[in-house]
Amino acid sequence: MNRYTRTALLAGGIAGAFTLTIAPAISQGPPGMSAIDKSDPAASKQDTGLKPHPTPPTVTPVDKLPLDKLKLPAGFKAEVWSSGHPGGRTMVMGPKGTMFMGTRLIGRVYAITEKDGKREVRTLLQGLTQPSGLAIKDGALYVFAINRVLRYDNIEDKLDNPGNPVELTDKFNLPPEIHHNWKYAAFGPDGKLYIQVGANCNICEINPGIHGQIRRYDADGSNMEIVARGVRNTVGFDWHPQTRELWFTDNGRDWAGDEGPEDELNRVTKETEGANFGFPYCHANGVPDPDIRIPNACAGVVMPAALLGPHTAALGIRFYTGQMFPSDYRNAAFIARRGSWNKSQKAGYDVLLARTTPDGKATVEPFMTGLLDEKANAFHGRPTYLFQMQDGSLLVSDEQNGATYRISYDGKK
């Protein structure tokens, strides 16, 4: 019996309960700090009592979902597409129409299928350590947890009993540290598998050959290349439909003030492949780090295509290629912002629209809002990832409420 089988059997023995994988502590400092962290909260002029807003692994009943609060441009509407998958984040769809969803803290991977016009949610896997990274190729589901890489071949034929996976952990040789290391993975237009390795701290000097990067591999974990360096924490990227260039979101560091540094939207061109995008010395549009100082901190750093707000937790990004939305949305990118914790006045909790410009930059505007009550400084949901359906509609996962919303367009109505 292998390690995965033992974990799954133990988790499965708790009928109806959620499996919460608790990571070992790596320091005794303030929340979010690692043993090598160089943050100076006392100098940041932020409230040092700020704490992450918990997202309990519970299910919000359909009639309690904040659908009535969602605000969209004229002609668009939102409806509930699925619910009952607490903590659901990333979304990938198999060739037979099964939607797979990864989670972070509760260690689950879900499978959503449709039967008799109704969607059914089942827990496909559990007991893993933050398995938020999912990818699909040739009917195989790739699952990236922090410390394991697993492949389930012909997964849609085995939803009731996935069986033992193909173990690829040693092939990919990813670092096992918990801090900022939950995954995002996707196959690019070149057929390669892209995956990020986040920084193992809030702010610290990292080994640029191991952490703070986006990598690409062959599907079997061979031929690793580093596509971008100096990347603090990207858990969302996509390729422009026309240029095939990689665009990624990146979360700015904490404990450097309420208003910065801002999250970033970055672009990787052929000329900047393997280049330095700033972390840990330079942030946003050329802001030197206040805690880790070096001369000419921003020299040679690739600047962002756009800024996405301070402490907004920009995650999933998806370029729109469908026919349902108006033509001026085509080839624009939707970006889900999960929302802040390290900010006195909360920000994010929405979906932005980023339109690329000929100079390689982007302009950003609101698209789906309403989940943040600015007057009460409270929020009602956490948009995390996006998925474009075959009919051109857009799915938005809400991690907090364990639901996905379908955004569609009918200009006539």
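The values are calculated or read from the model by the stated rules, or taken from the named source; none is laboratory data. Source: prediction; values computed, not measured. Positions of Cβ are generated from backbone atoms using ideal geometry, with glycine treated the same way; all protein chains shown enter the neighbour counts. To get the accessible areas, we keep the full protein, side chains included, count just its heavy atoms, and leave off ligands, DNA and RNA. Shrake-Rupley method; radii C 1.70, N 1.55, O 1.52, S 1.80 Å.
Considering only residues in the range 156-174 that are touching a residue at least 40 places away in the same chain (Cβ under 8 Å) and assigned to a loop (DSSP other than H, G, I, E, B), the one that is farthest from the chain's Cα centre (by Cα) turns out to be ASN164. Listed conditions (1) open to solvent by less than 20 Å² (accessible area, probe 1.4 Å); (2) over 18 Å from the mean Cα position of the chain (by Cα) are all met by GLU365, apart from (1). Just one residue in the set ARG330, ARG318 is buried (at least 16 other Cβ atoms within 10 Å of the Cβ) and among the basic types (Lys, Arg); that residue is ARG318. Taken over the range 277-297, the criterion of being open to solvent by 20 Å² or more (accessible area, probe 1.4 Å) and free of Cβ contacts under 8 Å to residues at least 60 places away in the same chain is satisfied by TYR281, ASN285, GLY286, VAL287, PRO288, ARG293, ILE294, PRO295, ASN296. Is it true that THR357 is open to solvent by 10 Å² or more (accessible area, probe 1.4 Å), under 17 Å from ASP328 (Cβ atoms) and at pLDDT 95 or above? Against the criterion (open to solvent by 10 Å² or more (accessible area, probe 1.4 Å), under 17 Å from ASP328 (Cβ atoms) and at pLDDT 95 or above), THR357 qualifies. Does ALA313 satisfy the condition of being more than 29 Å from MET33 (Cβ to Cβ), small (Gly, Ala, Ser) and touching a strand residue (DSSP E or B) at 6+ places or on another chain (Cβ under 8 Å)? No: the conditions fail for ALA313.
Taken over the range 335-364, the criterion of being of a type in the set (A, V, I, L, M, F, W, C) and assigned to a strand (DSSP E or B) is satisfied by ILE335, ALA336, VAL351, LEU352, LEU353, ALA354, ALA362, VAL364.
Among the residues of this structure, ASP410 counts as one that is modelled with pLDDT under 95 and farther than 20 Å from ASP263 by Cα.
Selection of the range 304-334 for residues being among the polar types (S, T, N, Q) and part of a loop (DSSP other than H, G, I, E, B) yields THR312, THR321, GLN323, ASN331. Could you please let me know if ALA376 is open to solvent by 50 Å² or more (accessible area, probe 1.4 Å) and among the hydrophobic types (A, V, I, L, M, F, W, C)? Yes, satisfied.
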